[in-house]
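Q: My questions all concern the structure below.
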Amino acid sequence: MTTATTTGPTGRETLLAGAVSWLAARLRWFDPEQWARHLQPRGFAPSALLELLIICRNLNSVYGHPRPPDPEDGSRGSGVRTTGAAGPAVELIGRALDLAEEVVGRPGFGAALYRGDAAFPHHVWLIALLAEGGRPVEPWPAVAQRVIDAGCAEPIRPGRPTAARLEARYVFDLAGLRHGLPAMDELAGRTALGPGADPLHLTDADLYVITHMLFYLTDFGRRPFSADEAEGRRVRGLVEVLLGRQLAVGDLDLAAELLACAGLTGADDRLSGCAWNRLTAARRPDGSVPSPLFRQAALDRLSGEKAEAYAFGTCYHTTLAMVLAATLTDGADA
């Protein structure tokens with residue numbers, strides 16, 4: 001019987017450094033105005049930029065403010081302790097914050113925030129991450145608070161999906177805003193992450209809900225996943241089954257998100273090692289990791305900016321998810 005070889009810390013550092021360099025070289029595609037030229041519109045125009053800032057926040061906790069594990073609060077420390085991606089990561093963080101500051105300063109941002117629609121939490125999230133990065137965000141936090149106080153923020157209205165309410169709760173807490181939403185644990189129990197989840201009958205949409213709920217409950221690894229022994233074992237088993245399932249079907253986008261969750265829930269290291277092997281094997285020469293939508297034949301038929309747009313649109317999210325996993329899994333430690 002043979003044992004599968006797992007990608008070691010040095011290999012993961014190489015993966016991370018390549019991905020960070022790829023993201024930095026394509027930063028202009030995170031600008032919603034550039035995105036709109038060739039890619040499908042999204043409900044929150046700067047969605048890709050918000051996703052980048054979320055990952056940059058984790059990179060910053062690794063490279064910008066390293067910290068040791070704290071036995072008092074159960075935190076795992078900084079995560080990655082390698083240096084190959086440090087310089088490019090710090091540069092990417094600064095440039096991403098510059099772009100976000102520019103986007104928030106554009107005339108349409110405030111008008112969209114005032115609408116209080118389904119994208120309202122994402123506007124608030126972008127503001128919160130900018131503020132955390134030390135960038136000016138006035139007057140938008142006060143505006144957001146007034147929208148919430150007036151009951152005009154759609155996610156807090158009755159009848160909204162539970163997952164959307166939990167996301168809003170996480171974001172409002174992150175931004176330091178007052179609200180009347182239930183506790184996150186209470187909300188999480190009513191989503192696909194709750195008891196009774198059957199991993200064989202969950203849809204891909206359910207899986208994204210599960211990964212995101214775990215990200216919010218742990219603040220993307222800044223606090224431990226809090227559950228009693230039985231619940232912790234159930235969630236860990238759920239993540240392991242779902243990660244194995246996505247590796248089997250070859251969906252590396254969901255697999256990368258579930259690999260990040262494996263680090264949050266203490267899933268089996270051997271399974272995580274298999275996931276890292278698959279990501280390593282799938283990595284393109286430019287450092288990106290393709291999503292299930294990527295087709296080399298389709299890219300070969302394109303040229304110029306259209307080719308750039310296609311490669312970015314079909315690779316950026318899986319690449320971001322892989323970077324997130326590298327900041328959260330023990331396997332990324334040196």
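Q: I need to check one value: relative contact order of the stretch 105-232, counting alpha carbon pairs closer than 8 Å and at least 6 residues apart, in percent.
A: On the way: 117 pairs, mean separation 25.8, N = 128.
That works out to 20 percent.
Q: Here's something else I'd like to know. Expressed as a rounded percentage, what relative contact order does the stretch 179-261 have, with Cα pairs under 8 Å and six or more residues apart?
A: On the way: 46 pairs, mean separation 22.6, N = 83.
RCO, the stretch 179-261: 27 percent.
Q: Work through the residues other than Asp251 whose Cβ is under 12 Å from its Cβ and net out their charges, Lys, Arg +1 and Asp, Glu -1.
A: -1
Q: Expressed as a whole percentage, what fraction of the accessible surface of the stretch 208-308 belongs to carbon and sulfur atoms when a 1.4 Å probe is rolled over the protein heavy atoms?
A: On the way: 2410 of 4470 Å².
Using a 1.4 Å probe with all protein chains present, the stretch 208-308 comes out at 54 percent carbon and sulfur.
Q: Counting each DSSP H run of 4 or more residues in the chain as -39500 (n - 2.57), what helix-only mean residue ellipticity at 222 nm follows after dividing by all residues, to the nearest 500 deg cm²/dmol? List each step's numbers first, then the result.
A: Values: 15 runs with 200 residues, N = 334.
Dividing the helical sum by the residues of the chain leaves -19000 deg cm²/dmol.
Q: Pairs of Cα atoms under 8 Å, at least six residues apart: use those to get the relative contact order of the chain, whole percent. Display every interim value, and only then the final one.
A: Details: 442 pairs, mean separation 78.7, N = 334.
Once divided by the residue count of the chain, the mean separation gives 24 percent.
Q: Whole number in Å², please: accessible area per residue of the chain, 1.4 Å probe, ligands, DNA and RNA not counted. Show your work: numbers first, answer last.
A: Working: 14650 Å² over 334 residues.
Normalised by residue count, the accessible surface of the chain is 44 Å².
Q: Helices from the chain with mean Kyte-Doolittle at least 1.0 and a Cα length along the axis of 15 Å or more, per DSSP H: which?
A: Details: long enough: 9-25 (24 Å, 0.55); 47-59 (18 Å, 1.54); 86-104 (27 Å, 0.78); 120-132 (18 Å, 1.08); 162-175 (20 Å, 0.27); 204-217 (20 Å, 0.94); 229-249 (30 Å, 0.11); 252-265 (19 Å, 1.47); 269-282 (20 Å, -0.24); 304-328 (35 Å, 0.53).
Result, helices passing both filters: 47-59, 120-132, 252-265.
Q: Here's another thing I want to ask about it. Among all stretches of the chain without exposed trypsin sites (Lys or Arg not before Pro) (DSSP loop, at most 16 other Cβ atoms within 10 Å), which one is longest? Please report the intermediate quantities before stating the final value.
A: Working: sites that count: Arg42, Arg81, Arg178, Arg190, Arg222, Arg295, Arg301.
With trypsin sites (Lys or Arg not before Pro) excluded where exposed in loops, the chain gives 82-177 as its longest stretch.
Q: Of Leu217, Val124, Ala197, which is farthest along the charge dipole of the chain in the positive direction, counting Lys and Arg as +1 and Asp and Glu as -1 at C-beta?
A: Val124
Q: Mark the label point 7 Å from the Cα of Glu102 along Cα→Cβ and return the residues of the stretch 30-59 whose backbone N is within less than 19 Å of it.
A: Only 30-39, 45-54, 56 fall inside the zone, counting backbone N under 19 Å.
The values are calculated or read from the model by the stated rules, or taken from the named source; none is laboratory data. Just so you know, these numbers come straight off a predicted model, no measurement behind them. Because the Cβ atoms are built from the backbone with ideal geometry, glycine has one as well, and the counts that use them run over all protein chains shown. Quick note on the areas: whole protein, heavy atoms, side chains included, nothing else; ligands and nucleic acids left out. Shrake-Rupley method; radii C 1.70, N 1.55, O 1.52, S 1.80 Å.
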